[in-house]
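*Asks:* Okay, here's the structure, questions in a sec.
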Amino acid sequence: MSTTPKEFAFDVVVVGSANLDLVATLDHLPKPGETIVALGYAEHAGGKGVNQAVACARMGARTAFVGCVGNDDAGVFLRGVLENEGIDTTMLRVVDMPTGRAFINVDSRGENEIVVISGANTQVGIAHDALVLPMARVVLMQLEIPLTTVRNALQLARRNGALTVLNPAPFKALDAGVLSLVDVIVPNETESAACGGTQALLDAGVKTVLTTLGERGVVINTHTSATSIAPHQVSAVDTVGAGDAFIGALSAELARGATISDAAAVGAVAGALATTVRGAVPSLPTQFSVRSAINK
Ligand code: ADP
């Protein structure tokens, strides 16, 4: 049962990217100048914004997505994916640029190479008068949209009394002007190192740093404490989507009023379950499967 106060129209608002992922399965990755024929091909919904919005919604959060797609089939497809998950798309704008795309080549050993065309994602919060965020308990962002939009959305979220959660991925340098507006930052180990480490983030004004350590679980750091959340034991088959599942469950639990360590513990179970299914969106667990795993 949600304990979210009535004045918040949504539990979580995600301001982020929406991509169509085009995945070619290959025997080997092409060398410069080489043309090869793919063994298989598939298209999926992607972008860290979409993935994390779906993760929140599957965890039972009333979720809205703020983003941009183009006036094309990929945009229609992505809107449909979000709406099928019960996510509010009132603030998913159609702009005069192609929908974002990620061209993903995967070889027989699982090695990959990815080319992202940002397209419409470059327009999030930019090409209209002012960024408007619906009232939400939690505002969740990543770094696949313009940094000025991230800063504006963080400011707006603070003004509206929302808790701000930032996944600094893919890494971009963030100044204290941005970081001091972040309540909870969630880097993985690589992103944490790129940000200068936990202490640098705390010194810049972030209140809580949650560092995800893959199969080693999660560390929670504040100015006054450091605690660990043990991993949930699973047989992993594909770690894609683990971080998104963790952040979605964390944000949904924070919106319900959970403490950060309780929310991170639920997130760790969601992240672990995501590694038991291939792909990103298909692997994001439901609230039912996460609660079942916790109660086992
Ligand atoms: P990212 O996908 O962003 O690199 P991580 O790999 O750190 O994120 O995964 C996010 C969280 O998911 C971890 O902190 C952990 O709780 C859980 N997780 C990921 N991989 C495993 C695993 N092999 N076993 C158990 N839990 C995992």
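The values are calculated or read from the model by the stated rules, or taken from the named source; none is laboratory data. Worth saying up front: this structure is predicted, and the values here are computed from it rather than measured. We place every Cβ from the backbone using ideal geometry, glycine too, and count neighbours over all the protein chains shown.
*Asks:* Out of (1) within 11 Å of the ligand (Cβ to nearest atom); (2) under 19 Å from Asp183 (Cβ atoms); (3) part of a helix (DSSP H, G or I), what's the single condition that is false for Ala200?
*Replies:* Ala200 satisfies every listed condition except (1).
*Asks:* For the stretch 257-296, which positions are β-branched (Val, Ile, Thr), within 15 Å of the ligand (Cβ to nearest atom) and outside any helix (DSSP H, G or I)?
*Replies:* Residues satisfying the conditions are Thr275, Thr276, Val277.
*Asks:* Cβ-Cβ distance below 8 Å, separation of 6 or more or different chains: which pairs start in the stretch 266-278 with a residue that is of a type in the set (S, T, N, Q) and end on one that is more than 9 Å from the ligand (Cβ to nearest atom)?
*Replies:* Short answer, once both residue conditions are applied: Thr275/Val237; Thr275/Asp238; Thr275/Ser283; Thr276/Val237; Thr276/Ser283.
*Asks:* If the requirement is being of a type in the set (Gly, Ala, Ser), modelled with pLDDT of 90 or more and in contact with a Pro (Cβ under 8 Å, 6 or more places away or on another chain), which of these qualifies: Gly86, Gly125?
*Replies:* One residue alone meets the criteria, Gly125.
*Asks:* Give me a count of the residues in the stretch 131-145 that are assigned to a loop (DSSP other than H, G, I, E, B) and crowded, with 17+ Cβ neighbours inside 10 Å.
*Replies:* 6
*Asks:* Identify, please: which residue in the stretch 218-256 is hydroxyl-bearing (Ser, Thr, Tyr) and more than 8 Å from the ligand (Cβ to nearest atom) and is, among those, nearest to Arg62 (Cα to Cα)?
*Replies:* So, considering only residues that are hydroxyl-bearing (Ser, Thr, Tyr) and more than 8 Å from the ligand (Cβ to nearest atom), the one nearest to Arg62 (Cα to Cα) is Ser251.
*Asks:* List the strands (runs of 3 or more DSSP E) inside the stretch 1-112, counting only whole elements, that have at least 3 residues being out of contact with any Cys (no Cβ under 8 Å at 6 or more places or on another chain).
*Replies:* 10-15, 19-25, 40-46, 63-70, 100-106
*Asks:* Can you tell me which residue in the stretch 146-175 is surrounded by the fewest Cβ atoms within 10 Å (Cβ to Cβ), limited to those that are charged (D, E, K, R) and part of a helix (DSSP H, G or I)? Quick ask: steps written out before the conclusion?
*Replies:* Pass one, the stretch 146-175, residues charged (D, E, K, R): 151, 158-159, 172, 175.
Right, trim to part of a helix (DSSP H, G or I) and you get 151, 158-159.
Details: Arg151: 17, Arg158: 16, Arg159: 9.
Across the stretch 146-175, the extreme among qualifying residues is Arg159.
*Asks:* Restricting the stretch 162-173 to residues that are touching a Lys or Arg at 6+ places or on another chain (Cβ under 9 Å) and of a type outside the set (S, T, N, Q), which is nearest to the ligand (Cβ to nearest atom)?
*Replies:* So, considering only residues that are touching a Lys or Arg at 6+ places or on another chain (Cβ under 9 Å) and of a type outside the set (S, T, N, Q), the one nearest to the ligand (Cβ to nearest atom) is Ala169.
*Asks:* Of (1) surrounded by fewer than 19 Cβ atoms within 10 Å (Cβ to Cβ); (2) closer than 24 Å to Ala274 by Cβ; (3) touching a helix residue (DSSP H, G or I) at 6+ places or on another chain (Cβ under 9 Å); (4) not aliphatic (A, V, I, L, M), Gly67 satisfies all except one. Which?
*Replies:* (1)
*Asks:* Just to verify a result, which residue in the stretch 176-197, among those that are free of Cβ contacts under 8 Å to residues at least 24 places away in the same chain and in a loop (DSSP other than H, G, I, E, B), is nearest to Val237 (Cα to Cα)?
*Replies:* Once the filter is applied, the top-ranked residue is Gly197.
*Asks:* Another question, then. Taking Val37 as the residue in question, decide whether it is free of Cβ contacts under 8 Å to residues at least 40 places away in the same chain and either surrounded by fewer than 17 Cβ atoms within 10 Å (Cβ to Cβ) or charged (D, E, K, R) (or both). It would help to see each step written out before you state the result.
*Replies:* Values: free of Cβ contacts under 8 Å to residues at least 40 places away in the same chain: yes; either surrounded by fewer than 17 Cβ atoms within 10 Å (Cβ to Cβ) or charged (D, E, K, R) (or both): yes.
Considered against the rule, which asks whether it is free of Cβ contacts under 8 Å to residues at least 40 places away in the same chain and either surrounded by fewer than 17 Cβ atoms within 10 Å (Cβ to Cβ) or charged (D, E, K, R) (or both), Val37 comes out as yes.
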